[in-house]
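One structure is given below, encoded as structure tokens.
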């Protein structure tokens, strides 16, 4: 691959590294690119990556493990794209993903990324857990396999396999049961949604996953999908239409917002806590959904909602996007984005850090422990908070 | 340099409780399992690719197995092997001698400067195959190779001994090496690469095509029975405040004779 063959050969040089890509919309901190916050080197910012990509493709530098790690430490949080003042900003993240694709095709990717993708090839999930265990999370919940229900409840890999995220998957299931929502799940037949695969540059694997999922949904007559994870929501809403997957997709927070509006959830049990809400990248910056989670939290009696300074499109990514909840190129430091973020949440005085994404949940759970804040700050998914307000045990 | 890499298909055993013994008690239940190239063999393939990138030549990937084993040859081709050969013979729970005999017969017919094996298989793990084939071919070999550097007619290698001690040799070619994990970092095999490899033709032959009759392939060792290891005692979880649990842990360890 040479620069001339690269899809963005005509535009990549336009980045002159003004450095805006590291800032949030409100300019309050230079560290809003999670990888830059972790390593504090220009190479880890979007501009740095673009210059390195250009140097690599034009033969000025060789591929190296370090170069691959720099590209794969991008969490695809879209902060750079939102902040970049230039007109070609719509493509700056795609330029990095396209460079990752080149590395995938050459087979030269960090070993943790290799493992992540191989596990999905074999078992349909990044952990490499057997497909036959995917539905174990729902044992004893009474949640039904999908059979002509109004909604497919798509749980995703993290909700299906991560023990903490499984609690959230069950909590949401119970809330929907209580509200009388007609929904079913795919259990062991559910496959990876492919959102992270796509952002890691494995285009063909993503195409296969999307095509298989679309075919499966259509065969079952599924029209409406509610997802636990914003990552699944993003892939199904924005990418599946390219594979004839024109489903009515919503993230669960939008469903809950609607259910509360229709008075179908009795949340009179309330939830007495000061709560701060973290906007997940794939719900916020990627899909512009900032109000539904706040509506839900504000509607619950007893909740005092306070904002972190970096919120909505200025949110700081938890560091788990772009597969980093597993490949973990940003971990191991007090400057890891998840740890910075829980310190920020703690500084608001909130006792609860609310999330609406299983990836953010697992990242922050670990970060709270690493920061020694277990006694002062708890991480809860909004669905768990709603479940408690509904009196669901 | 013409290199032959011998590879095996094994199941993904990342979760041991997914493995069940089938009713014959000589094989595992394969439904629901995912399969892949044996780990050690992937390192051997990567070593072959790196030699080819440096010195030129060809790589032939060879396997002995039934039709479903074609998938590992496709992966080897996607990785960069030039040719894939499968000898159609069901080797499940087979005597390594028979597999060695088949491989030796194929390799003899192919140009080869270097023959690479993984040091062992993830499933049966006998580690015998490479050494057997080398003896049958009458070429020098080294096992458990952790580094290699090739010249035109010879190869410098190190092999790993106990406690990480290294032993170094220079070996005249043709030679056979069994490759240890960690010698390199096998490249990722993209799905796009596998799709392209689907267009390449595989060579399939039977033992009979190689002049090996049924009576030559009677195993000397027969697998009697497979068993899962007995379950250990349940773990004991000690909960509570550290001040109390530390004492309880010390007591438990003392009772168990640990100290």
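The values are calculated or read from the model by the stated rules, or taken from the named source; none is laboratory data. Note that the structure is predicted; figures quoted are calculated from it, not measured. All Cβ positions, glycine included, derive from the backbone under ideal geometry; neighbour counts span all protein chains shown.
Points to keep in mind about this one:
- Note on the stretch B:1-21: residues that are farther than 23 Å from residue A:128 by Cα and facing chain A (nearest Cβ under 9 Å) total 0.
- Number of positions in the stretch A:202-233 that are more than 24 Å from residue B:191 (Cα to Cα) and within 14 Å of chain B (Cβ to nearest Cβ): 0
- Single residue of B:48, B:81 found to be in a loop (DSSP other than H, G, I, E, B), buried (at least 22 other Cβ atoms within 10 Å of the Cβ) and modelled with pLDDT of 95 or more: B:81
- Cβ pairs under 7 Å, 6+ apart, first in the stretch A:261-279 and free of Cβ contacts under 8 Å to residues at least 60 places away in the same chain, second part of a loop (DSSP other than H, G, I, E, B): A:272/A:302; A:279/A:290; A:279/A:311; A:279/A:315
- When the stretch B:22-34 is limited to residues that are exposed (fewer than 15 other Cβ atoms within 10 Å of the Cβ) and over 17 Å from residue B:94 (Cβ atoms), the one that is nearest to the other protein chains (Cβ to nearest Cβ) turns out to be B:32.
- Selection status of residue B:173, out of contact with any helix residue (DSSP H, G or I) (no Cβ under 9 Å at 6 or more places or on another chain) and surrounded by 11 or more Cβ atoms within 10 Å (Cβ to Cβ): yes
- Filter result for residue A:222 (touching a residue at least 24 places away in the same chain (Cβ under 8 Å), outside the structural domain of residue A:68 (by TED's automatic domain parsing) and assigned to a loop (DSSP other than H, G, I, E, B)): yes
- Test: residue in the stretch A:108-123 that is over 23 Å from the mean Cα position of the chain (by Cα), assigned to a helix (DSSP H, G or I) and outside the structural domain of residue A:358 (by TED's automatic domain parsing): no
- Apart from one condition, residue B:236 fits all of (1) touching a helix residue (DSSP H, G or I) at 6+ places or on another chain (Cβ under 8 Å); (2) within 14 Å of chain A (Cβ to nearest Cβ); the exception is (2).
- So residue A:260, is it outside any loop (DSSP other than H, G, I, E, B) and closer than 18 Å to residue A:300 by Cβ: yes
- From the list A:201, A:173, the lone residue that is crowded, with 23+ Cβ neighbours inside 10 Å and not in a helix (DSSP H, G or I) is A:201.
- A residue that is within 14 Å of chain B (Cβ to nearest Cβ) and more than 17 Å from residue A:187 (Cβ to Cβ) cannot be found anywhere in the stretch A:133-150.
So that you can scan it fast, the table gives a plain yes or no per residue for (1) at pLDDT below 95; (2) touching a strand residue (DSSP E or B) at 6+ places or on another chain (Cβ under 6 Å); (3) more than 10 Å from every other protein chain (Cβ to nearest Cβ); (4) crowded, with 19+ Cβ neighbours inside 10 Å:
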{"residue": "A:88", "(1), (2), (3), (4)": "yes, no, yes, no"}
{"residue": "A:93", "(1), (2), (3), (4)": "no, no, yes, yes"}
{"residue": "A:99", "(1), (2), (3), (4)": "no, no, yes, yes"}
{"residue": "A:103", "(1), (2), (3), (4)": "no, no, no, yes"}
{"residue": "A:107", "(1), (2), (3), (4)": "no, no, no, yes"}
{"residue": "A:119", "(1), (2), (3), (4)": "no, no, no, yes"}
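- Checking each residue in the stretch A:132-167 for being buried (at least 19 other Cβ atoms within 10 Å of the Cβ) and either part of a loop (DSSP other than H, G, I, E, B) or modelled with pLDDT under 95 (or both) picks out A:143, A:146, A:155, A:162.
- Taken together, the criteria exclude residue B:37 from residues that are in contact with a helix residue (DSSP H, G or I) (Cβ under 9 Å, 6 or more places away or on another chain), away from chain A (no Cβ under 12 Å) and closer than 24 Å to residue B:133 by Cα.
- So residue B:226, is it touching a residue at least 40 places away in the same chain (Cβ under 8 Å), in contact with a strand residue (DSSP E or B) (Cβ under 7 Å, 6 or more places away or on another chain), outside any strand (DSSP E or B) and over 30 Å from residue A:202 (Cβ atoms): yes
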